[in-house]
Amino acid sequence: MLTALAFRNLWRNRRRTLLTLSAMVVSAALLILCLGVYAGMIDDMLTTTTRLYHGHVVLAAPDYHAHRTLHAHLPESAADLPTPAGVTDMVGRTPRLRAFGLLSAAAGSQPVEILGVDPVREPTVTTLHRQLVAGRYLQAGEAGAAVIGSTLAKKLGVAVGGEVVVVTQAADGSIGNDLLTVRGIFTTGDSRHDGRLVVTPLPWLQQLLVLDGRIHEVVIAVANPLQAFADADRFNAVLPAGIEARDWGDFLPEMREAIVSFDVSRVIIAGILYFATALGILNTCFMSVMERTREFGLLLASGMRPWGIRRLVLLETLFLGLIGSAVGLLGGLLLTWYMQAVGIDLSGTITPITYAGSTILPRLRAVFDPGNFLFPVVMLVVVALVAGFLPANRAARLDPVAALREE
Amino acid sequence: MSYLTLASRLLTGTLLTGALLLPRAAWSLDLAALIREVEQQYHGTSSHALTTMQVRTANWERTLEMEAWSLGRDYFLVRILEPAKERGVATLKRDREVWNYLPKVDRTIKVPPSMMGGSWMGSHITNDDLVKASHVEEDYTFRLLEETADHWLIECLPKPEAAVVWGKIVYRLSKQPRVPEQVDYYDEEQQRIRELRFDDVRRVGDRTVPLKLTVTPLDKPGEQTILHYRELSFDIRLDQGYFNLRALQKH
């Protein structure tokens, strides 16, 4: 009975209720869109950062990560260890060898990181081969070839086809030096790669470093980066002694922080948006309670308990909240779907931004994440109830005699 | 004064004059004048040496045979004779610049400023050590810590504005003969992190010099670089023209 009454009361001032509802719908829908786009940015960042260079799970000697010392190497067969049960979304893995040295050309010398990769397997894990701005990627069986960052190429004054000298210290202490021909130039937007990364064929680097058949790490890519933490644990459970699995969170702690801060900012954005909405609901409820002072007095005089009145008013705001979030959810779904399917391309106005070691692409795109829908909807209902509490209390506390006298 | 300073002095055979400078500077009231005087003593001092450098690290050990020439404090050329794989690799130091010649690729490469702290020829001597040698008295102030009948202990503290890597350097110098015995290098936390020891003091011509130098990085247990002079001669005929990039490539 109370429910039906509450529902009917909502429509006594149709215009006011619809106005309040529209505010709720818009705020819920916008919040859903906002969170979806934000999640899209995070997703872009995660994908570009992890797939650009680090990968998701890295197998290496336990002390390799801390110092990247040349001498913490593994046999090349580590790249083909059996995949542990439970790791189901692996999309690729590849062996790598790494050295630090000097790259030199006519225009000068630059300190560089030299990464020896398998030209066939590396592209299944990282996306560097898609970032080329000139030339081509390494080819299988090629020696003495290099793909280098665009900033580095500029500093050294070399173009595709140009020759550079690489100097480093080999594993036996000797001076490793050789000529490399630049085959490709990449731009990632990350200055740390563009300015100092040199990608070379693995066998060539093994020879230069006197490390035949040895590698430093096996890099694994999985379909869902957030799954990498569990996958690293699964690898660690079965890996032989002397090899350890690490997830991308160890290499990109800023990104891990960014994911955590996303959850915090989600609450803050919702808080700001819903605070305004709550004031609107509060206003509507107060108005409708004040208007009905005589009516409540009558109800109280005819024997309705104060909690009944309170419940009536709270039910009204609950309905308001439910309708608002249902329509808001629908609107949010549509907006998110649009932003996911079409998105907004900003590349005409802004260039890629490197932030916290990752690249934010110049586009707005949303992703579907159940949490981003559930959270605004539940919060809106809660906000409606909280905003309805004060007016409900006031109505319940009315003195029936005084209320009846009210004109 | 950097450890490299001494290392390169020893390499180039000008160590003796350097060692003489320090004790005098320590008790001299007019330090600057003394240093200028010593700086001028370097001019014209040339040397030729055949050295063996043994480098031991946690992961490898190797021995290099080298031939070195020096002129004053600003010119220095060293070429690897052995092992065969690296024969002809050469380093030229000219004022504050260091160049390396790599015969395998037939290229001469100038060591960029960012790599000056890097190891020289895989040893525990850095490129910086080779260069900073010329600017010791510009970068440090000297103080006599202790004097006994047979040695001096001298502390060197960097000047506030000096761009140096050490927080403190302590020299132990023998009075008779007047040669350095040991040099300790401290970091900014006053932690001793590198030690340079001199042995095998011999007479070379009219000078007395230690022919063996041992560099021990205290933060890397078991690692060491030992430089031994098999042949050393001073005041040979060399001019600045010898220390050019073409000479670097000569086999």
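Couple of notes before you dig in:
- Close pairs (7 angstrom Cβ cut-off, 6 or more residues apart or separate chains): within 12 Å of chain B (Cβ to nearest Cβ) in the stretch A:62-79, in a helix (DSSP H, G or I) anywhere: A:ALA72/A:TYR64
- Being of a type in the set (Ser, Thr, Tyr) and either closer than 23 Å to A:ASP190 by Cα or not assigned by TED's automatic domain parsing to the domain that holds A:VAL386 (or both) holds for only one residue in A:SER261, A:SER302, and it is A:SER261.
- Residues of the stretch B:84-113 satisfying the condition of being without any contact (Cβ under 8 Å) to a residue 24 or more places away in the chain, more than 9 Å from chain A (Cβ to nearest Cβ) and under 20 Å from B:THR51 (Cα atoms): B:ALA84, B:ARG87
- Selection from the stretch A:284-303 of residues that are of a type in the set (A, V, I, L, M) and surrounded by fewer than 17 Cβ atoms within 10 Å (Cβ to Cβ): A:MET287, A:MET290, A:LEU298, A:ALA301
- Counting only strands (runs of 3 or more DSSP E) that sit wholly inside the stretch B:156-251, those with at least 2 residues that are under 16 Å from B:SER123 (Cβ atoms) and of a type in the set (S, T, N, Q) are B:207-217, B:224-234.
- One residue stands out in the stretch B:121-151 among those that are within 14 Å of another protein chain (Cβ to nearest Cβ) and out of contact with any Asp or Glu (no Cβ under 7 Å at 6 or more places or on another chain): the one that is modelled with the highest pLDDT, namely B:SER123.
- Selection status of A:PRO119, at pLDDT 90 or above and under 30 Å from the mean Cα position of the chain (by Cα): yes
- Exactly one residue out of A:VAL167, A:VAL160 is of a type outside the set (Asp, Glu) and surrounded by fewer than 21 Cβ atoms within 10 Å (Cβ to Cβ): that is A:VAL160.
- Enumeration of residues in the stretch B:168-186 that are over 15 Å from the mean Cα position of the chain (by Cα) and more than 15 Å from B:GLU137 (Cα to Cα): B:ARG172, B:LEU173, B:SER174, B:LYS175, B:GLN176, B:PRO177, B:ARG178, B:TYR186
- Filtered residues of the stretch B:219-231 (kept if surrounded by fewer than 19 Cβ atoms within 10 Å (Cβ to Cβ) and of a type in the set (Phe, Trp, Tyr)): none
Every residue, every condition in (1) within 25 Å of the chain's Cα centre (by Cα); (2) over 24 Å from A:ALA171 (Cα atoms); (3) part of a helix (DSSP H, G or I); (4) among the acidic types (Asp, Glu), yes or no:
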| site | (1), (2), (3), (4) |
| --- | --- |
| A:THR188 | yes, yes, no, no |
| A:ARG192 | yes, yes, yes, no |
| A:LEU205 | no, no, yes, no |
| A:VAL219 | yes, no, no, no |
| A:GLN227 | yes, yes, yes, no |
| A:ALA230 | yes, yes, yes, no |
| A:ASP233 | yes, yes, yes, yes |
| A:ASN236 | no, yes, yes, no |
| A:ALA241 | no, no, no, no |
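- Single unsatisfied condition, A:VAL164 versus (1) at pLDDT below 90; (2) assigned to a strand (DSSP E or B): (1)
- Evaluation of B:ILE193 against the conditions (1) in contact (Cβ under 8 Å) with a residue 24 or more places away in the chain; (2) farther than 21 Å from B:SER119 by Cα shows that the sole unmet condition is (2).
- Verdict on A:THR20 being in a helix (DSSP H, G or I) and more than 22 Å from A:LEU252 (Cβ to Cβ): yes
- Screening the stretch A:80-117 for residues that are under 17 Å from A:ASN224 (Cα atoms) and free of Cβ contacts under 8 Å to residues at least 60 places away in the same chain and picking the one that is nearest to the other protein chains (Cβ to nearest Cβ) gives A:THR83.
- Pairing each residue of the stretch A:130-144 that is under 11 Å from A:VAL182 (Cα atoms) with any residue that is surrounded by 17 or more Cβ atoms within 10 Å (Cβ to Cβ) and among the basic types (Lys, Arg), provided the two are 6+ apart or on different chains, yields C-beta distances under 8 Å for A:GLY135/A:ARG183; A:ARG136/A:ARG183; A:TYR137/A:ARG183; A:LEU138/A:ARG183.
- Within the stretch A:43-68, if we keep just the residues that are assigned to a helix (DSSP H, G or I), surrounded by 19 or more Cβ atoms within 10 Å (Cβ to Cβ) and aliphatic (A, V, I, L, M), the residue that is modelled with the lowest pLDDT turns out to be A:MET45.
- Within the stretch A:175-205, the set of residues being within 13 Å of chain B (Cβ to nearest Cβ) and either surrounded by fewer than 21 Cβ atoms within 10 Å (Cβ to Cβ) or among the aliphatic types (A, V, I, L, M) (or both) comprises A:ILE175, A:ASP178, A:LEU179, A:LEU180, A:THR181, A:GLY195, A:ARG196.
- Within the stretch A:315-338, tally of residues that are crowded, with 22+ Cβ neighbours inside 10 Å and of a type in the set (A, V, I, L, M, F, W, C): 1
For every residue, the table says whether it meets (1) closer than 24 Å to A:THR69 by Cβ; (2) hydroxyl-bearing (Ser, Thr, Tyr); (3) buried (at least 18 other Cβ atoms within 10 Å of the Cβ).
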| residue | (1), (2), (3) |
| --- | --- |
| B:ASP200 | no, no, no |
| B:LEU211 | no, no, yes |
| B:PRO217 | yes, no, no |
| B:SER233 | no, yes, no |
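- A single member of A:VAL147, A:VAL160, A:VAL166 is facing another protein chain (nearest Cβ under 10 Å) and either more than 14 Å from A:ALA99 (Cα to Cα) or touching a residue at least 60 places away in the same chain (Cβ under 8 Å) (or both), and it is A:VAL166.
- Residues of the stretch B:62-90 satisfying the condition of being under 15 Å from B:PRO103 (Cβ atoms) and β-branched (Val, Ile, Thr): B:VAL78, B:ILE80, B:VAL89
- Tabulated pairs, the stretch A:363-389, first farther than 15 Å from A:ILE323 by Cβ and crowded, with 20+ Cβ neighbours inside 10 Å, second modelled with pLDDT under 85 and of a type in the set (Asp, Glu), C-beta under 8 angstrom, 6+ apart or interchain: none
The values are calculated or read from the model by the stated rules, or taken from the named source; none is laboratory data. Computed from a prediction, not measured in an experiment: that's the story for all the values here. Note that we place each Cβ from the backbone using ideal geometry, even for glycine, and neighbour counts take in every protein chain shown.
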